[in-house]
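The values are calculated or read from the model by the stated rules, or taken from the named source; none is laboratory data. Note that the structure is predicted; figures quoted are calculated from it, not measured. Glycine gets a Cβ as well: all are built from the backbone with ideal geometry, and neighbour counts include every protein chain shown.
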Amino acid sequence: MSKEYPGNPLNSKDFKKALKTKYVPTAEYAWSAGHAINRFLTGLKEGRILGIKCRSCERILVPPRAFCEECFISVDEWVELKDTGTVNTFAISYLDTMANRIKKPLLPAVIEIDGAGGNGFLHMLGEVDPKKIKIGMKVKAVWKPAKDRKGDITDIKYFKPARGGV
Amino acid sequence: MEKVAIIGVGFTGARPDSPELSYKELMYEAAVKAYEDSNVDPRKEIGSFIGASEDFWDGVSIFDEYLPDQIGGALRPVCSICNEGLHALATGVMHIRAGIADIVAVEAHSKVSDVVNPEGIMHFALDPILDRTLDYNAHVMAGLEMNRYLHEACVTKEECAEVVVKNRANALLNPYAPYGAKLCIDDVLDSTPTYEPLSELDTSNLVDGACVIVLASEKVARNKRAPVWINGVGWCNDTPNVGLRDWGYPRYVRLAAEQAYADAGITNPYDEIDIAEVDDSYSYKELQHLEALRLVDTGEAAGFLCEGAFDINGELPVNASGGSLGMGNLLDTNGLVKTFEAVEQLRGMAGQRQVKEAESALVQSWRGVPTTSGAVMILGNEPSGGD
Amino acid sequence: MPRRVAMIGAGMTKFMRRANDTPKEMAFEASKMALDAAGLELKDIESVALGTAPDAFDGVHMKGEYLSDGAGSFLKPYTRSFVGGGTGVFTGAHGWWHIASGMFDTCLVVGEEKMSSAHPHPQGAFLTIFDNLIERNLGPNLVWIFALEMNRYMTKHNIKKEDIARVSVKNKGNALDHPCAQLGMKITVDDVLNSETLAWPVQRLDISPTSDGAAAFVLASEEVAKRVTDDPIWIEGVGWNVDTTIWTNRDLYYPKYVEYAARMPYKMAGIHNPPKDIDFAEPYDPFDYKELHHMEGLQLCRKGEAPILTREGVTARDGDLPTCPSGGALGVGNPIAATGVMKLCELYWQLRGEAGKRQIPKDLRTGVAQAWGDLMQVGTVVVMRR
């Protein structure tokens, strides 16, 4: 097919010169956390990780929700979990949230919380040499001091390698 | 074409605020009610789940991510349609007619109380190059349109105020509607001018709520209690360009209606339709829409209204639910809420606001400013229609 | 029974780092090209289906409404579908059901994305794909989810990075033959392995670029198709699937949702043995490992086997099972929804023998395109046949 394809690319010089309208949207939200996440975040403030058990499939759901998506029933049997877990997967990020380059990498990881049958949540690793992180590594939560906790996921500063290691 | 029916409906009711529930929990409540009503197990029987949503109303990019769990759709065919709830219902009809599924769930919700600055979101919908920099509030579009409609159709502000009085009175009879009130015309005319000729009480208030509707193929619906048949659907867009659109007459509603009437085999809408739930997110819109739907001739809606034809006990009850003026405005959920009302009426379960001998209903929605997007659906207790 | 649906024309713009064209203009240009290719005019079009990804990219709330006139929907029935990165291929289903349902005889299908509108970088928009209550405050970056998934996939199957890098080498190389490509180039495995580490294991050359672009095609009923062309290409099956939102409760090493999405069109098209019954594929490749992940989800090979096939050249353009002969997202560029539409256009051009220098050198009968998106959560699949 020999066709002229439409589209007019701009090089960086022309891009700077091209007319633009600038606009910063004012989009502000104050989300209701709802029953389940409210209690989860309140637990974090108290220095506890809470899960919820589905009476039908018997999974321990963490992060908790008001209903089991598998069985489609309401769930309300709260369970307190340990603040230890296993690294399910991790990354070593030299980009910050806005994709700026950073020297000291961020260490996001999915942590399977002990006692939750492999379920867990996204958090960060700390007090660890990035080269030594392994999938399957045992970790423990490092909490902010009680007075600084405000009912937020960041009430846990990060997870660090647990004593006893891998 | 295969006939499709509504076999279950679930609605949370409308509320100005719902701080105790997350949007997921709100949607879950509507879904549970709809599946209970239709006696369907969503994890086993539903073949397609469709949600109508817009990212900036929900405050997430890609709302589809947050859609499946609370409507029973995890690891199932789920999709988002960024249109009005009625467009999503039309999509469900197409899924059934195309053989994708025998049972389809359609969801829409508003958790607008989570949005700190809804006006800012509405402004973000204006054309980024031509309109946004003029720095007007998006509601101005409705003021412009109302002015042109009053001029073209020879309608007065008083007559538009009658719409508000009727709908807010109807809402008093509807337990789902928070804005029931006994008003007089002067209450409306004396309310604060906002975007003239609009006054405060001419405009519906943004509210929270979720609605789920369950659709089924004819084969499945025949074995269900009280199916309500979708005899016709239509939807249409005019131009998004504010310089080119017809400000007095909503052509998109007219074209959507013609598609739905052809589907349903309707030639004389006024005689063949028993009740109508039409968009009234601003007072004048109800009159303008009734005319574009050919339920009455252009310029005649106000006369019918003032004679009481659109009252609950009139010849063609319009917005017996209270409409958006009485229910509140649930954004893209309005069409499903109006469908919910039509189903309650056709099933004879509308309580104090029950219309006598309602056998067929028309539902119409509009996506609000600055859009020219509308949809129409014809419902009946019996299947009917063309080919 | 659904009615048969044919693709009768396709078009696309160049994929660009920064376009002078507005979003509407790009949608128009691709649509016009598709209509011309089909030999139709806008008045012949009965319905319009648009696919476009987050509003935050183009910077317009209700982007579908804003784009509507560019997409040719003036005074026509029009809807916009949106399943994240899966949107582009999903438009194949979206347009298909308009005609398969018997409600319309023609449908114009359009995909558009202008990512350069977001400043300073589309990353700001990507942040808001994460959970508003328990993830966003951690300051996540889009690349994280890929790095987390890639790491899990590599570790589970003991896959080496060089075997993943081969996908990038192949696709960027294929894109050299695509006149619309933004990033066609000849690179080596070492180039990929030595490129900047962004979020380990993801490196610069593992990733597709951000792009501006649009693509479109025209679908028609059997009756219309046979009237306007001697060589219609049939959409034989469509499928999609979305897994649970709670991605941290899933094992990311395998895309079960892609498997489920693929089973739908395979059943419709009577495909029982995908590697044998499918001649070539356009799996979604926003990152190099994703092509491998998706080949496995599409049942084109066993779990963990895709890197081996790639190493052995099976997926090269002249191999037994060519994948991304277009150059894919890695090479042609990745204006999200437009990319998936481009993949459907590629199936069309390949099946008609019109792919020019990209033409696969063998007899083609059946192709599959796939896209993926949301929080590692959605699969969309379309099977097309000559």
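Figures for the structure shown
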read-out: Residue list for segment C:102-124, restricted to those being of a type in the set (D, E, K, R) and either assigned to a loop (DSSP other than H, G, I, E, B) or within 12 Å of chain B (Cβ to nearest Cβ) (or both); value: C:105, C:114
read-out: Test for residue C:141: is it over 26 Å from residue C:326 (Cα atoms), within 14 Å of chain A (Cβ to nearest Cβ) and buried (at least 22 other Cβ atoms within 10 Å of the Cβ); value: yes
read-out: Any hit, segment B:285-302, residues being outside any helix (DSSP H, G or I), under 22 Å from residue B:157 (Cα atoms) and touching a Ser or Thr at 6+ places or on another chain (Cβ under 9 Å); value: no
read-out: Single condition residue A:161 does not satisfy, out of (1) out of contact with any helix residue (DSSP H, G or I) (no Cβ under 6 Å at 6 or more places or on another chain); (2) surrounded by 22 or more Cβ atoms within 10 Å (Cβ to Cβ); value: (2)
read-out: Selection count where residues are touching an Asp or Glu at 6+ places or on another chain (Cβ under 8 Å) and part of a loop (DSSP other than H, G, I, E, B), scope segment B:175-195; value: 3
read-out: Members of segment C:37-51 that are over 17 Å from residue C:91 (Cα atoms) and either more than 9 Å from chain A (Cβ to nearest Cβ) or polar (S, T, N, Q) (or both); value: C:38, C:39, C:40, C:41, C:42, C:43, C:44
read-out: Residues located in segment A:67-113, provided they are touching a residue at least 24 places away in the same chain (Cβ under 8 Å), more than 8 Å from every other protein chain (Cβ to nearest Cβ) and touching an Asp or Glu at 6+ places or on another chain (Cβ under 6 Å); value: A:82, A:84, A:85, A:86
read-out: Selection within segment B:62-82 - within 14 Å of chain A (Cβ to nearest Cβ), assigned to a loop (DSSP other than H, G, I, E, B) and crowded, with 24+ Cβ neighbours inside 10 Å; value: B:67, B:68, B:72, B:73, B:74
read-out: Residues satisfying the stated conditions in segment C:283-315, i.e. more than 14 Å from residue C:165 (Cα to Cα) and part of a loop (DSSP other than H, G, I, E, B); value: C:283, C:284, C:298, C:299, C:300, C:301, C:302, C:303, C:304, C:305, C:314
read-out: Residues satisfying the stated conditions in segment B:107-123, i.e. in contact with a strand residue (DSSP E or B) (Cβ under 7 Å, 6 or more places away or on another chain) and either farther than 22 Å from residue B:211 by Cα or more than 8 Å from chain A (Cβ to nearest Cβ) (or both); value: B:107, B:108, B:109, B:110, B:112, B:116, B:118, B:121
read-out: Test: residue C:289 is within 22 Å of residue C:156 (Cα to Cα), in contact (Cβ under 8 Å) with a residue 12 or more places away in the chain and in contact with an Asp or Glu (Cβ under 8 Å, 6 or more places away or on another chain); value: yes
read-out: Filter result for the condition that a residue is buried (at least 21 other Cβ atoms within 10 Å of the Cβ), more than 16 Å from the chain's Cα centre (by Cα) and either more than 14 Å from chain C (Cβ to nearest Cβ) or aromatic (Phe, Trp, Tyr) (or both), over B:361, B:350, B:342; value: B:350
read-out: Filter result for the condition that a residue is touching a helix residue (DSSP H, G or I) at 6+ places or on another chain (Cβ under 8 Å) and more than 7 Å from every other protein chain (Cβ to nearest Cβ), over A:64, A:25; value: A:64
read-out: In segment C:180-198, the residues that are part of a strand (DSSP E or B) and under 24 Å from the mean Cα position of the chain (by Cα); value: C:198
read-out: Qualifying residue in segment A:41-59 (condition: surrounded by 14 or more Cβ atoms within 10 Å (Cβ to Cβ), within 12 Å of chain B (Cβ to nearest Cβ), within 22 Å of the chain's Cα centre (by Cα) and over 24 Å from residue B:41 (Cβ atoms)); value: yes
read-out: Of residues in segment C:140-179 being in a loop (DSSP other than H, G, I, E, B) and of a type outside the set (Lys, Arg), the one nearest to residue C:85 (Cα to Cα); value: C:141
read-out: Residue B:85 being more than 30 Å from residue B:187 (Cα to Cα), modelled with pLDDT of 95 or more and surrounded by fewer than 24 Cβ atoms within 10 Å (Cβ to Cβ); value: no
read-out: Filter result (within 18 Å of residue A:149 (Cβ to Cβ) and either hydrophobic (A, V, I, L, M, F, W, C) or touching a Ser or Thr at 6+ places or on another chain (Cβ under 9 Å) (or both)) within segment A:28-47; value: A:33, A:37, A:38, A:40, A:41, A:44
read-out: In segment C:193-225, residue surrounded by the most Cβ atoms within 10 Å (Cβ to Cβ) [restricted to those that are more than 22 Å from residue C:334 (Cβ to Cβ) and in contact (Cβ under 8 Å) with a residue 40 or more places away in the chain]; value: C:219
read-out: Number of positions in segment C:204-223 that are in a strand (DSSP E or B) and more than 10 Å from chain A (Cβ to nearest Cβ); value: 8
read-out: Failed condition for residue A:5, given (1) more than 12 Å from chain B (Cβ to nearest Cβ); (2) farther than 30 Å from residue C:355 by Cβ; (3) not in a strand (DSSP E or B); value: (2)
read-out: Residues being on the phi > 0 side of the Ramachandran plot and exposed (fewer than 13 other Cβ atoms within 10 Å of the Cβ) - total across segment A:80-112; value: 0
read-out: Tally of residues being surrounded by fewer than 21 Cβ atoms within 10 Å (Cβ to Cβ) and at the interface with chain B (Cβ under 8 Å from one of its Cβ atoms) across segment C:247-279; value: 2
read-out: Any chance residue C:253 is under 20 Å from residue C:284 (Cβ atoms) and assigned to a loop (DSSP other than H, G, I, E, B); value: yes
read-out: Selection count, segment B:15-61, where residues are part of a helix (DSSP H, G or I) and either closer than 24 Å to residue B:86 by Cβ or without any contact (Cβ under 8 Å) to a residue 12 or more places away in the chain (or both); value: 22
read-out: Members of segment B:121-139 that are out of contact with any helix residue (DSSP H, G or I) (no Cβ under 8 Å at 6 or more places or on another chain), farther than 14 Å from residue B:241 by Cβ and buried (at least 17 other Cβ atoms within 10 Å of the Cβ); value: B:122
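Listed here are the residues, each with its yes/no results for (1) within 14 Å of chain C (Cβ to nearest Cβ); (2) more than 18 Å from the chain's Cα centre (by Cα).
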site	(1), (2)
B:203	no, no
B:225	no, yes
B:234	yes, no
B:240	yes, yes
B:245	yes, yes
B:254	yes, no
B:266	no, yes
B:271	no, yes
